[in-house]
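See structure below.
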Amino acid sequence: MTLNLVATTAIKKAVVLINDLDTSKFPLLLTRILSKLHLKDERTFSEEEEEKLQSSLSLTDGDLELVIHTLEFILHQAAYHTAKPGLLGQQLQQIELEEEKVKVIVDAWKNAAADVVTKLRQRTITPKRLEEINWRLNLQMAQSNKSKMKLPNAMFELKINDEDSEAKEKIRFEMTHDELYSFYNQLETIQKQLDNLG
Amino acid sequence: MSIIQVTGSGGSVHSDRTPFFGGRVPPEISILIKPLSKCDKQTVGKILQLIVSSMEGKPVSPEQFKKISSETLTEDTLTVIYSGLFSLLRRAIRLPLTSLKPEMFKEDMNELQIPAEFQEDIASVVFGARRPRIENEILDSRPRLPKLDQLKWRVDVAISTSVLNRVLEPTILMEMKLSNGKIHSFEVPVSQFHQLRYNVAYVLKEMEDLEKKSILKIQD
């Protein structure tokens, strides 16, 4: 299954609108859409930007929405299939886009594809992710029931970013030499697994 | 400025060493002596046993306390002796074995006027076979941040997602159980995992260097 654009009614209408657009403004539109393609819940254009676009491209509110959505859809599909520029161009011609516009879209895709696909690869569903690691190495010299000690210990602070609650959790724990060594061994085992994946 | 030397009554301590209990005799120890001299060796042995087991972490119940008291030894007197001996032993164990030697301890006990018949039993708590277990309990009970009790992990490879047909990107999921009961599950991106591994290795190396250095330098 590869990239296959079907000319539905909505797409046919959008193609007509896109073909009528001024080609000078078109590349900027595409670059912006491509830069925001990998984000989850964000709008590509803010409300004010959409109003400005309406006037500069002479489109109504509804038409502008259709144009933006169609372009986003096409590019999402291209990214999903990691389509080669040639194939994308061919599909765009199939839905009867103008030569000029096809060329602009294919060029923009050529430049941005690698970046977009890499960012999409990183996308995950798990809400909590490890963001940052901080540590501190101490030498404990004494405590209330023991004097003249020399006990090294390490403190770790793992900053976890929670997508759902916007809260930043911090996991803090402390380790003696032995505990640190066994933690290190566990991480080495994980690394071996990663290496085996090739 | 004149320096005033304070020595215990009837003491013959080498004047350049502070006794293990500090500059002044603590009040709970000074009131211990009189009731202690009226006790017999067996009772003192039982009290010492109780003190040792509480230092090893086992809680002391009131029944155990009552068992030792009798008509000749009221609970009040027992309390005085118990707290006095506990305080004395706590201060002695505080110092590492390299600092406080058995002869010095004996000298200090003489200065406190601890009856000679009990000195051997008391010294055996500090220098005997039970000492390592007491040391372990002291280390275990020290104030600290939570300990990492258990680390569970798994490596996944995402094959396909709703936005990308061919992903083939590994991710690591970790579940950390801390000694304060909290369980944290989170994902570790591969780049962060490398950071974590690097940092842990770095701290480990620093710690080993530190242990090589400071153990030799700081003399007690």
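Annotation note: of A:Leu71, A:Leu59, A:Leu39, A:Leu29, the sole residue that is at pLDDT below 85, in the same structural domain as A:Leu97 (by TED's automatic domain parsing) and not in a loop (DSSP other than H, G, I, E, B) is A:Leu29. Among the residues of the stretch A:30-40, none qualifies, meaning not one is farther than 21 Å from B:Val163 by Cβ and over 16 Å from the mean Cα position of the chain (by Cα). Within the stretch A:117-141, the set of residues being assigned to a strand (DSSP E or B), more than 7 Å from every other protein chain (Cβ to nearest Cβ), among the basic types (Lys, Arg) and surrounded by 14 or more Cβ atoms within 10 Å (Cβ to Cβ) is empty.
For the stretch A:32-73, a residue qualifies if it is in contact (Cβ under 8 Å) with a residue 60 or more places away in the chain and touching a helix residue (DSSP H, G or I) at 6+ places or on another chain (Cβ under 6 Å), and the qualifying residues are A:Leu34, A:Leu37, A:His38, A:Thr70.
Going by the structure shown, is A:Lys159 at pLDDT 90 or above and more than 7 Å from chain B (Cβ to nearest Cβ)?
yes
Here's the yes/no breakdown for (1) more than 30 Å from B:Leu95 (Cα to Cα); (2) free of Cβ contacts under 8 Å to residues at least 24 places away in the same chain:
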| position | (1), (2) |
| --- | --- |
| B:Pro146 | no, no |
| B:Thr171 | yes, yes |
| B:Leu178 | yes, no |
| B:Phe193 | yes, yes |
| B:Asn199 | yes, yes |
| B:Tyr202 | yes, yes |
| B:Lys205 | no, yes |
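Residues in the stretch B:113-170 that are more than 7 Å from chain A (Cβ to nearest Cβ), under 37 Å from the mean Cα position of the chain (by Cα), in a strand (DSSP E or B) and not charged (D, E, K, R): B:Gln150 alone. The residues of the stretch B:162-202 that are crowded, with 18+ Cβ neighbours inside 10 Å and of a type in the set (Phe, Trp, Tyr), listed by number, are B:Phe186, B:Phe193. Applying the criterion of being of a type outside the set (Ser, Thr, Tyr) and under 30 Å from B:Ser141 (Cα atoms) to the residues of the stretch B:179-195, the residue that is farthest from the other protein chains (Cβ to nearest Cβ) is B:Gly181. Can you find, within the stretch A:1-26, the residue that is surrounded by the most Cβ atoms within 10 Å (Cβ to Cβ) among those that are in a helix (DSSP H, G or I) and among the basic types (Lys, Arg)? Out of the qualifying residues, it is A:Lys13.
Suppose we keep only residues that are of a type in the set (A, V, I, L, M) and modelled with pLDDT of 90 or more within the stretch A:118-138. Which one would you say is farthest from B:Asp156 (Cα to Cα)?
A:Leu137
Among the numbered conditions (1) at pLDDT 95 or above; (2) more than 7 Å from chain A (Cβ to nearest Cβ); (3) within 28 Å of A:Lys119 (Cβ to Cβ), the only one that B:Tyr202 does not meet is (3).
Restricting attention to the stretch A:142-155, the residues that are in a strand (DSSP E or B) and either small (Gly, Ala, Ser) or more than 8 Å from chain B (Cβ to nearest Cβ) (or both) add up to 1.
The values are calculated or read from the model by the stated rules, or taken from the named source; none is laboratory data. Just so it is clear, the model here is predicted, and its values are computed rather than measured. Positions of Cβ are generated from backbone atoms using ideal geometry, with glycine treated the same way; all protein chains shown enter the neighbour counts.
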